[in-house]
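Okay, structure first, notes after.
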Ligand code: AMP
């Protein structure tokens with residue numbers, strides 16, 4: 001069983017690629033962003049605590065997201081886990097390593113989706129517009145102001161994980177600028193090597 005981390009800034013395509021891996025390989029997507037949005041929408045205590053932080057674009061506390069992930073690791077492990085948007089800090093990365101060890105699981109690859117900032121802004125603004133055009137509402141944090149903060153959070157707090165996983169011999173860089181299928185094929189190359 002293969003367990004992977006998808007690393008990359010907001011809008012890099014982590015969620016899209018994770019969705020395809022779920023479809024095609026029966027893997028389990030663990031997106032802390034999705035879990036937090038669910039908590040917010042269903043009005044749980046955690047949801048109330050995180051709503052403002054998320055809308056602003058800052059990271060929620062390590063304690064909260066580690067707690068969410070800890071719960072999910074107890075369940076079914078079928079096709080392996082895809083960690084999507086977690087870990088985002090060095091403390092989360094250390095905690096994930098320990099949690100996996102407790103479960104007798106290994107982390108196999110940290111796959112970095114490499115993109116550039118202009119693309120991210122276009123993609124996220126496009127994602128917001130598409131949601132509205134489809135009659136829905138855009139994510140509260142898919143706006144220019146929050147995006148700036150989300151990008152800064154990525155570069156300050158999350159991008160050190162690239163070096164961290166490189167040092168562990170787990171890092172695999174993938175060109176995130178190609179089509180969805182091109183990126184998918186590059187990821188498949190990593191998983192099937
Ligand atoms: P995402 O859907 O992954 O872009 O996450 C949306 C928002 O949820 C982020 O901007 C953070 O506010 C919060 N969030 C998601 N995952 C984490 C995490 N691992 N650590 C801290 N905050 C997170």
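Identify the residue in region 36-55 that is within 8 Å of the ligand (Cβ to nearest atom) and in contact with a helix residue (DSSP H, G or I) (Cβ under 8 Å, 6 or more places away or on another chain) and, among all such residues, is nearest to residue 96 (Cα to Cα).
Among those residues, the one meeting the criterion is 36.
Only one residue in 183, 174, 162 is assigned to a helix (DSSP H, G or I), touching a strand residue (DSSP E or B) at 6+ places or on another chain (Cβ under 7 Å), farther than 18 Å from residue 55 by Cβ and away from the ligand (no atom under 16 Å from the Cβ), so which one is that? Give the derivation first.
Numbers: 174 fails: assigned to a helix (DSSP H, G or I); 162 fails: away from the ligand (no atom under 16 Å from the Cβ).
That would be 183, the only listed residue that is assigned to a helix (DSSP H, G or I), touching a strand residue (DSSP E or B) at 6+ places or on another chain (Cβ under 7 Å), farther than 18 Å from residue 55 by Cβ and away from the ligand (no atom under 16 Å from the Cβ).
Return yes when residue 70 is at pLDDT 95 or above, more than 13 Å from the chain's Cα centre (by Cα) and within 28 Å of residue 180 (Cβ to Cβ) and no when it is not.
So residue 70 does not fit the description; no.
Among 58, 84, 62, which is the only one that is within 11 Å of the ligand (Cβ to nearest atom), touching a strand residue (DSSP E or B) at 6+ places or on another chain (Cβ under 7 Å), modelled with pLDDT of 95 or more and closer than 23 Å to residue 112 by Cβ? Even if it seems obvious, please write down each step before you answer.
Numbers: 58 fails: touching a strand residue (DSSP E or B) at 6+ places or on another chain (Cβ under 7 Å); 62 fails: touching a strand residue (DSSP E or B) at 6+ places or on another chain (Cβ under 7 Å).
Criteria check complete, one pass: 84.
So residue 121 passes all but one of these: (1) free of Cβ contacts under 8 Å to residues at least 24 places away in the same chain; (2) within 28 Å of residue 190 (Cβ to Cβ); (3) within 15 Å of the ligand (Cβ to nearest atom). Which condition number does it fail?
All conditions are met except number (1).
The values are calculated or read from the model by the stated rules, or taken from the named source; none is laboratory data. Here the structure is a predicted model, which means the values were calculated and not measured. For neighbour counting, all protein chains shown are included, and Cβ atoms are generated from backbone atoms with ideal geometry for every residue, glycine included.
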